[in-house]
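Some notes on the structure that comes next.
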Amino acid sequence: MGIETAHDERHRTTSGVAIEPVYGPDELKHFDRQRDLGLPGGFPYTRGIHPDMYRRQLWTMRQFSGFATPDETNRRYHYLLEQGQTGLSVAFDLPTLMGYDADHSLSEGEVGKCGVSISSLEDMEILFRGIPLEDVTVSMTINSPAAVLWAMYLAVAEEQGVGWERLSGTIQNDILKEYIAQKEFIFPPRPSMRLVTDTIEFGVRHAPRFNPVSISGYHIREAGSTAVQELAFTLRDGIEYVDWALERGLAIDEFAPRLSFFFNAHNDFFEEVAKYRAARKIWAYVMRDRYGASAERSRKLRFHAQTAGCSLTWQQPYNNVVRTALQALAAVVGGAQSLHTNSLDEAYALPSEHAVTIALRTQQVLAYESGVTQTPDPLGGSYFLEKLTLETEQAAQRYIERIDGMGGMIAAIEAGFPQREIAAASYRYQREVESGERVIVGVNRFQSGGQPIELLQIDEASARQQSAKLAALRQRRDNGRVSRSLDALRRSAEGRENTMPSILDAVRAYATLGEICDALRGVFGVYQETSHL
Amino acid sequence: MPRPIRVLVAKPGLDGHDRGAKVIARALRDAGMEVIYTGLRQTPEMIVNAALQEDVQVIGLSILSGAHNAIVPRVLELLREKEMSEVKVIVGGIVPDEDAEALKQRGVAAVFQPGASLDAIVDFIRSAVPA
């Protein structure tokens, strides 16, 4: 180029890809429309998985929600559905995510704080009271104890008289990104992967419309990765799940159509759109060439997106509405199948009803007012976006090859590779913010005074109510049946059979989440990570 | 040469979001301090024992889960029991203003909320620890 600005450090994506002063046909000399792009709905799906995209069906507006007791969250769900939300997404509190009952000593101070507290089937019954599981799709953000919470959900469906073959929804159940980024793990990687594979297999046989895994880059990005790292580590996690399911004896086209993905929608608009497009393209080729998948549905990467929680600022919180809208726009022009928009108050607390309503309205404005839904991949063919999509893809492929070379994702995690890459990227990002090189409006530039906002408060009453309910349950239930079911679960975990049927039996007997996870801890052990600074 | 300031960066409670704790640990190290990072899911007892064994002058607690009102007072109480009240306790994370004030009244040296700069944290520690 010869112009100095071409190498200007200020003109880079968040992943460090240099951005040229201007893009034209020269940048796409090696671009092959057939190989790199295709048509919307056609291989390699760079332009989207449906030919008519949002004309046929809008994305699912799915606000991640859960707090305090199952009673209170159930009321929020009814509110959100009345406001036009089209699916539910359950946020669980930390004790639930870690497999502890609400009355465990380690749960002190944490019950109902980051999500809803669920300790038994009784809580799950309350959570979905009055919500027809046949009609509403439900996504559950649960990982280490996902098999247990899914069993509770399946048991509630049984009680509602809904056959499992009619249930649609998703359990996140992506344990690999827990070791990499979010760190809500219980058991060591291999037994955890066995549980994930049990759910994939059980889903294929008994709940064929349910997504048993949502392979998630969201948390990798929130932990501070770049967009390229998010993409690469997520797709490599996907490859790992596929390898385990094949090893179990499942055929690729039996389970691959039900694998779903979950990506972040961060600030750098074009880089994010490029990321979603590159994700679809890489996955299509992985499915076709690495695994020989022949079903079209196996090759189509479907994804949920959530705007970037880590981009929300505590300072001038109303600016978060604008950030979220731009991020959501990237997800929509990037072809997301479902979307969560963050609320303006989430740098402080779980969202208030007022804040979550604005977040939902943001999606509705995009869907019904902006016009961006009228044609698929509206930015396709832009010199800049196509070049960026190629560069993002190539950079991600290099990471995937490196991890292949290490012997796969579990070996890479054990070596601390993705963890170190993310820690370095997040430190670099923070240094850029500190130096002012990266501008955060209201934080390191354009500061002004405070803007007080009303926050959702969660007190310790939830913990007391949950503990009292558990004490009553332990009195009331058939404790002989509980201990027999837990013994059977231990035997099944020690063996090689699928653990889902015995987890279901324990859940139906009202064994608690903590009791079931303790039985599994006894067999599998617990994971202690080595910290990588 | 004065002895470098020794800081224990700890992640109490069940939360696994360790991005902030790790960034702070690195920044303090880059500023010339000796940093010990405890890793995840430390109980107040484990944190105070580590502070004693590592002979630190500062404990930095990173809490994003809203459990600060249960965890931080317990750390302060254990420090008093072990006659380690000279150890400065600083808290970083999602702590609402009222809670931050209440924690400071109970003996926390400083609370750093989202958006706090790394330099401000480094400067605070340097000023709070007697040379």
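Tabulated results
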read-out: Cut-off 17 Å, label 7 Å out along Cα→Cβ of B:Glu34, residues of the stretch B:56-86 by amide N; value: B:56-60
read-out: Summed side-chain charge close to A:Ala367 - residues other than A:Ala367 whose Cβ falls under 14 Å, Lys, Arg +1, Asp, Glu -1; value: +3
read-out: Residue-count net charge about A:Met53 - beta-carbon cut-off 10 Å; Lys, Arg +1, Asp, Glu -1; value: +1
read-out: Helix-only CD estimate at 222 nm, as mean residue ellipticity for chain A, using -39500 (n - 2.57) per DSSP H run (n ≥ 4); value: -14500 deg cm²/dmol
read-out: Under 19 Å from the A:Arg190 label point (7 Å along Cα→beta-carbon), backbone N, the stretch A:386-412; value: A:406-412
read-out: FRET efficiency, 1/(1 + (r/R0)^6) with R0 51 Å, evaluated for A:Gln34 and B:Lys104 via beta carbons; value: 0.20
read-out: In Å², nearest 10: area of B:Thr43 left accessible to a 1.4 Å probe; value: 40 Å²
read-out: DSSP beta bridges in chain A [antiparallel fraction, %, rounded to 5]; value: 5 percent
read-out: Solvent-accessible surface ranking, highest first, for A:Phe524, A:Phe270 at 1.4 angstrom; value: A:Phe270, A:Phe524
read-out: Proximal aspartates and glutamates relative to B:Lys104, as straight alpha-carbon distance under 14 Å, when same-chain residues fewer than 8 apart are discounted; value: B:Glu77
read-out: Nearest-0.05 FRET efficiency for A:Asp478 and A:Arg420, computed from C-beta distance (R0 45 Å); value: 0.35
read-out: Convex hull volume per residue in cubic angstrom - Cα atoms of the stretch A:137-191; value: 81 Å³
read-out: Student exercise, the protein assembly as shown dipole from Lys, Arg, Asp, Glu Cβ charges, in Debye to nearest 20; value: 880 debye
read-out: Projected label distance in nm at A:Glu159 and A:Leu106, using a 7 Å step from Cα toward the beta-carbon; value: 2.7 nm
read-out: Chain A - percent relative contact order, Cα under 8 Å, separation 6 or more; value: 19 percent
read-out: Gaussian network model of chain B, springs between alpha carbon atoms under 10 Å - residue of B:Gln105, B:Gln42, B:Gln57 with greatest fluctuation; value: B:Gln105
read-out: Cα extents of the protein assembly as shown along the three principal axes, largest first (Å); value: 72, 72, 48
read-out: Largest to smallest accessible area among A:Arg299, A:Arg75, A:Arg481 [probe 1.4 Å]; value: A:Arg75, A:Arg481, A:Arg299
read-out: Residues of the stretch A:342-368 with amide N under 20 Å of the 7 Å Cα→Cβ point at A:Glu82; value: A:351-362, A:364
read-out: A:Thr137 accessible area, 1.4 Å probe, all protein chains in place, Å² to nearest 10; value: 40 Å²
read-out: Partners for A:Lys177 among lysines (Cα-Cα distance below 22 Å; same-chain residues under 8 apart left out); value: A:Lys275, A:Lys281, A:Lys300, B:Lys11, B:Lys22
read-out: Alpha carbon centroid spacing (whole Å) that separates the stretch A:21-84 from the stretch A:377-402; value: 17 Å
read-out: Efficiency of FRET between A:Glu460 and B:Glu81 - r from beta-carbon atoms, R0 41 angstrom, step 0.05; value: 0.95
read-out: Contact order relative to length of the stretch B:6-128, as percent, for alpha carbon pairs under 8 angstrom and 6 or more apart; value: 26 percent
read-out: Accessible-area order (highest first, 1.4 angstrom probe) of the listed residues A:Arg236, B:Arg106; value: B:Arg106, A:Arg236
read-out: Formal net charge of residues neighbouring A:Pro317 (Cβ-Cβ distance under 14 Å; K, R +1; D, E -1); value: -3
read-out: GNM top mover of B:Ser117, B:Ser85, B:Ser62 - chain B, alpha-carbon springs below 10 Å; value: B:Ser117
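The values are calculated or read from the model by the stated rules, or taken from the named source; none is laboratory data. Since the structure is predicted, the reported quantities are computational estimates derived from the model, not experimental observations. Neighbour counts run over all protein chains shown; Cβ positions are idealised from the backbone, glycine included. Remember, those area values only see protein heavy atoms, side chains included, never the ligands or the DNA or RNA. Shrake-Rupley method; radii C 1.70, N 1.55, O 1.52, S 1.80 Å.
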